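S.K.: Quick one: the structure is below, questions incoming.
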Amino acid sequence: MLRDARLVARKDLRIELVSKVIAGQIVPFGLIVLLLFGLAVSPDLAVLGRDGRSVLAQVAPGLFWVAVVLSALLAVGRSFAVEAQDGNLDALKMTGLDPAGVFLGKAAAVAVELFILELILGIGAFILYGTPIASWALLAATIVLTTAGITAAGTVYAALAAGLRVRDTLVPLLLLPVLTPVLLGASIATEAALFGPPSDGWSWVLLLGAFALLYVGVGIVAFGSIMEE
Amino acid sequence: MGRAQSSSEADVSPSASASADAATPASRAQRLSTSSRLTRVLGIAGLLLLGIMLAFGLWFSGPEIAMRDSVRLLYIHVPSVFVAYLCFGVTFLGSVQYLRNQSSFWDLMAHAAAEIGVLFVVFVLVTGSLWGKPTWGTYWQWDPRLTSTSMMLLMYVGYLALRRLDLPGEVRSQRAAVLGIVSILNVIVVHYSVKWWRSLHQSQTFGIDTQMDGLMLFSFFLGVIAFLAIGAWLLVHRFRVGWMESQLDEIRLEHALVERRNEGRAYPREDDLLQVRPGES
Amino acid sequence: MHWEFVIPGYIIVLGGIALYGGLLIRRGRRLAEQLPPERRRFLD
Amino acid sequence: MSDRADTGVPSTVVQLDGVISVINGFPALSGIDLEIEEGEIVLVRGPNGAGKSTLLRLCAGLASIDGGSGEVLGFDLGDRRQRRSLRREAGLLAHQTFLYDDLTVDENVAFWAAANRVEPDTVDPVLDRLGLAGRLRSVRASSLSAGQRRRASLAVLVCRRPRLWLLDEPHAGLDADGQRVVDQLVRHAVGFGATVLISSHDVDRVAEVADRSVTLVGGRLDSQASASNRVRRAS
């Protein structure tokens, strides 16, 4: 399973390195979303409020994660668009690859891409919204587990819509409501990581971890019956 | 298909077998719809119960002390919640059964239940926010139940969207079954996370000390029974509609098959280069 | 008090059920007409 | 399989009885009875849309079976699990070439070889044999010609050494040299005990390699044209 996962992940990352769709299109998209949020909320709110933080900085965690989720939609879509070309989905079915391995591999490749995207968007949010950072450990844990949750759930739902003509519109409808707990947990934990106290965030990190675990499990168990028919 | 057909007969209308040979005009008319003796009894019972429930809920029972007359909304709100959850439960069960033995009976049942469930969740949300306006002063509160219920609605709207797609039947049923199972997990996770979220943000709870007297409780009870009867009636009919659609698909396929087999006669055999044996078989 | 919320609520819910049920029955009748009698065996 | 081969009695590789296969509501196969024995090379003929590609996909375990019964390589087509196992043992050369456009020939072949658990050192000779040596190997799939894509796809198929070869128009898009290579590979494969099913419009060409031909019309076998229609092996 892990061998297959490594094989698929390496293949997907190699494709990304060559085609640069994530780097060249999806990362800029995320940055545009961040900018637009700032504009829509009004940049004037960047002035400091009573408690020493600007309104923009206060809403920054939520806006950041919404931008990440929107970009992630595109990233998982891309991950399956690659398989849709030239009948590769059929070819994958004809190999001896373990479906669970294919799931883990594709999810891992998307996760790596999302980490890079989050790094860039994070720097963007830091500059645009002017946020402090209180706890690096909490921030790192939040980012890792949130990314795992988003990619695992995203890969499951993108697989459900794989090979359909309406794929691009169906995945957001199916996936976004599901990501509610992730968005909540990530926003609150990030807020705690930025403004403190970190103790408020750790319990949400647990939720993020549980969600990621749940969807990794769902993917491993169900990927076969989703993809094979 | 054959297996599922027989099970659907057994499960849906066990009591209606007596009317099999009746060829009276009345039974002929009733055979042209989705109703049967079972659903007729169920439907009349549901309507009667609903009538009694309306009389008690809107007339005989009095206003509640804190909520005043808006308590009457709860007599239809809570039963709708029951029906919706039961329906999604049926969808879950049907999905599991489909994955286990490819039963198209359960596949159709899961679909039917999800549609009824969505209808009743809409009722839950409408009555919930109509109740919220006089109680909280606003139609929409970021109340955990309201928030997670609306997410649940969206999830099952997505499920129905997947079901509506024009896909090879087996693929669609398979994927819908996986989604039907996963959706229940989502409902649970979303529900608890939203609840936790609100409990952290503000300590204020929206529960109100209710003091329901006997008549109120009775109206409430009637509402639950009536809605369950009506929900079951809708479910059976929706299932039969889906079942007839699948039957029509089968007939269409049979026609297509005949047409397909006749294709050969329509085309001249120009590429028979190797050998042709004349004569009809 | 609050009848202005109660009445619309009941109308929407009961009306919704009636509307959906009505459409369902109509859809069922149409389908039943297209289906040959031996295919409608679930009613027997 | 080796047990059965040792007895010397040809065993049945493909056994279809009244198979119906529905693709998007259309009965692409409308009742096929077909029996193919181990080591046979069978040509599938028929006009466009007769169901040739679907027949090959069915034998590969990719198309659903919606009527009748079928067994391929001993796997029951009606059973999901067995159909999955069949996919691993059959090899399909389809109109689609199963290549990732952004990867080079080398990377594509290496990925599919690893995915099919093929020893990496068996890949090079095959690529040489199919004329994909040298500079071509580091060219991205998107800039290959149709014929070169076909060769790359064929290379993956050859590496897999499937027991059942399903070739959908294998000669289409190939130059004379490529077509000759295909014919040689087919004979070679049969020499190793494989069974081959070829669909083609190039009847003259395939008739040279094929043991017999069957004709598909309207999603089933045309009994008049294909009843035990044995063609003498030209080699």
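S.K.: Could you tell me the calculated FRET efficiency between B:Ile44 and C:Arg30, based on Cβ-Cβ distance and R0 = 35 angstrom, to the nearest 0.05?
M.R.: The formula returns an efficiency of 0.90 here.
S.K.: In the Gaussian network model of chain D, springs joining C-alpha atoms below 10 Å, which of D:Phe26, D:Phe98, D:Phe75 carries the largest mean-square fluctuation?
M.R.: Greatest mean-square fluctuation among the candidates belongs to D:Phe26.
S.K.: Would you tell me the accessible area of C:Met1, worked out with a 1.4 angstrom probe on the heavy atoms of the protein chains, in Å² to the nearest 10?
M.R.: About 120 Å², ignoring ligands and nucleic acids.
S.K.: Under the Karplus relation 6.51 cos²θ - 1.76 cosθ + 1.60, θ = phi - 60°, what is the ordered set of whole-Hz ³J(HN,Hα) values for the range B:93-102, x standing for Gly and Pro?
M.R.: The phi angles translate into 4, x, 5, 4, 4, 4, 5, 6, 9, 6 Hz.
S.K.: Run the accessible area of the range A:2-228 with a 1.4 Å probe and give the carbon-and-sulfur part as a rounded percent.
M.R.: Accessible surface attributable to carbon and sulfur in the range A:2-228 totals 72 percent.
S.K.: Using modelled backbone amide H atoms (1.01 Å from N, in-plane), which distant-in-sequence or interchain residues come within less than 5 Å of D:Asp66's amide H?
M.R.: HN-HN under 5 Å from D:Asp66: D:Ile20, D:Ser21, D:Val22.
S.K.: Sort out the exposed loop trypsin sites (Lys or Arg not before Pro) in chain D (DSSP loop, at most 13 other Cβ within 10 Å) and tell me the longest stretch that has none.
M.R.: Working: sites that count: D:Arg117, D:Arg232, D:Arg233.
After excluding every exposed loop site, the longest remaining stretch is D:1-116.
S.K.: So how much accessible area does A:Ser54 have, in Å² to the nearest 10, using a 1.4 Å probe?
M.R.: Here the residue's solvent-accessible area equals roughly 10 Å².
S.K.: Ok, one more. Over the Cα atoms of the range A:2-228, what radius of gyration and what Dmax do you get, in Å?
M.R.: In order Rg, Dmax, the Cα atoms of the range A:2-228 give 18.1, 63 Å.
S.K.: Placing one identical point scatterer on every Cα of the protein assembly as shown and ignoring solvent, what is log10 I(q)/I(0) from the Debye formula at q = 0.07, 0.11 Å⁻¹?
M.R.: Ignoring solvent entirely, the Cα scatterers give -0.66, -1.25.
S.K.: Taking each residue of A:151-161 in turn, how many C-beta atoms of other protein chains fall within 10 Å of its C-beta, and what is the average?
M.R.: Mean inter-chain Cβ contacts per residue within 10 Å come to 2.
S.K.: Turning to a different aspect of this structure: With an 8 Å cut-off on Cα pairs and a minimum separation of 6 or more residues, tell me the relative contact order of the range A:2-228 in percent.
M.R.: 27 percent.
S.K.: Let me ask you something else. Per residue of the protein assembly as shown, what 222 nm ellipticity follows from adding -39500 (n - 2.57) for every DSSP H run with n ≥ 4, rounded to the nearest 500? Write down the numbers at each step before the final one.
M.R.: Values: 27 runs with 506 residues, N = 789.
Computed ellipticity for the protein assembly as shown at 222 nm equals -22000 deg cm²/dmol.
S.K.: Collect residues whose amide H, placed 1.01 Å from N in the peptide plane, falls under 5 Å from the amide H of D:Leu216; neighbours closer than 5 in sequence don't count.
M.R.: Answer set, sorted by chain and number: D:Arg45, D:Gly46, D:Asp222.
S.K.: Taking beta carbons within 10 Å but only from partner chains, what does the mean come to for residues A:203-211?
M.R.: Mean shielding by partner chains, rounded to a whole number: 2.
S.K.: Run the simple label-point estimate for C:Glu38 and B:Asn101 please: 7 Å along Cα→C-beta, distance reported in nm.
M.R.: Going from the C:Glu38 label point to the B:Asn101 one covers 2.7 nm.
S.K.: Apply 1/(1 + (r/R0)^6) to the Cβ-Cβ distance of A:Leu119 and D:Ala146, taking R0 = 60 Å, and write down the FRET efficiency to the nearest 0.05.
M.R.: Efficiency computed from Cβ-Cβ geometry: 0.90.
S.K.: In addition: Just how much of A:Thr190 is accessible, in Å², when a 1.4 Å probe is used and the result is rounded to the nearest 10?
M.R.: Counting only protein heavy atoms, A:Thr190 exposes about 10 Å² to solvent.
S.K.: Calculate how steeply helix D:105-115 sits against the longest principal axis of the alpha-carbon atoms of chain D, using the helix alpha-carbon long axis, and give the answer as 0 to 90 degrees to the nearest 10.
M.R.: Relative to chain D, helix D:105-115 is tipped by roughly 50 degrees.
S.K.: May I pose another question? Have a look at A:Leu104, A:Leu170, A:Leu31 and tell me which one the Gaussian network model of chain A (Cα, springs below 10 Å) gives the largest fluctuation.
M.R.: Per the Cα network of chain A with a 10 Å cutoff, A:Leu170 tops the list.
S.K.: Run through the DSSP bridge list for the range D:107-234 and note the antiparallel percent, rounded to the nearest 5.
M.R.: Expressed as a percentage, antiparallel bridges in the range D:107-234 total about 40.
S.K.: Now a separate question. Can you spot the lysines whose alpha carbon is less than 22 Å from A:Lys93's alpha carbon? Ignore those fewer than 8 places along the same chain.
M.R.: The reachable lysines, counting only those whose Cα sits under 22 Å from A:Lys93, are A:Lys11, A:Lys106, D:Lys52.
S.K.: Could you derive backbone 3J(HN,Hα) for the range B:242-252 from the dihedral phi with the Karplus parameters 6.51, -1.76 and 1.60 (θ = phi - 60°), listing whole Hz in sequence and x where the residue is Gly or Pro?
M.R.: Couplings: x, 5, 5, 4, 5, 5, 4, 4, 5, 5, 4 Hz.
S.K.: Take the Cα of A:Phe126, step 7 Å along the line toward its Cβ, and report every residue of the range A:16-36 whose backbone nitrogen sits under 20 Å from that point.
M.R.: The answer is A:27-36.
S.K.: Spelling out what I want: for every residue of the range A:149-160, take phi, set θ = phi - 60°, compute 6.51 cos²θ - 1.76 cosθ + 1.60 (Karplus), and round to whole Hz; glycine and proline get x.
M.R.: Values per residue, Gly and Pro as x: x, 4, 5, 5, 5, x, 5, 4, 6, 5, 5, 4 Hz.
S.K.: Along the Cα→Cβ direction, 7 angstrom out, place labels at D:Arg180 and B:Leu217. What is the inter-label distance in nm?
M.R.: If labels sit at D:Arg180 and B:Leu217, their model points lie 9.6 nm apart.
S.K.: Between B:Trp59 and A:Ser203, what is the label-to-label distance in nm when each label sits 7 Å out along the Cα-to-Cβ direction?
M.R.: So the label points at B:Trp59 and A:Ser203 sit 5.0 nm apart.
S.K.: Starting from the Cα-Cα distance between D:Ser11 and D:Asp128, subtract it from 0.36 nm times their residue separation and give me the gain in nm to one decimal.
M.R.: Computed gain between D:Ser11 and D:Asp128 is 38.8 nm.
S.K.: Taking beta carbons within 10 Å but only from partner chains, what does the mean come to for residues D:26-33?
M.R.: 4
S.K.: In the range D:94-110, whose amide N lies under 17 Å from the spot 7 Å out along Cα-to-Cβ of A:Ala23? List them in ranges.
M.R.: D:102-104
S.K.: To continue, here is another question. With +1 assigned to the C-beta of every Lys and Arg and -1 to the C-beta of every Asp and Glu, and no other charges, what is the dipole magnitude of the protein assembly as shown about the Cα centre in debye, to the nearest 20?
M.R.: Values: 73 positive and 73 negative charges, 157 e Å.
The calculated dipole for the protein assembly as shown is roughly 760 debye.
The values are calculated or read from the model by the stated rules, or taken from the named source; none is laboratory data. If you're wondering where the values come from, they're calculated on a predicted model, not measured in any experiment. Cβ sites come from the backbone with ideal geometry, for glycine too, and all protein chains shown count toward neighbours. Protein only, heavy atoms only, side chains kept; ligands, DNA and RNA dropped before computing areas. Shrake-Rupley method; radii C 1.70, N 1.55, O 1.52, S 1.80 Å.
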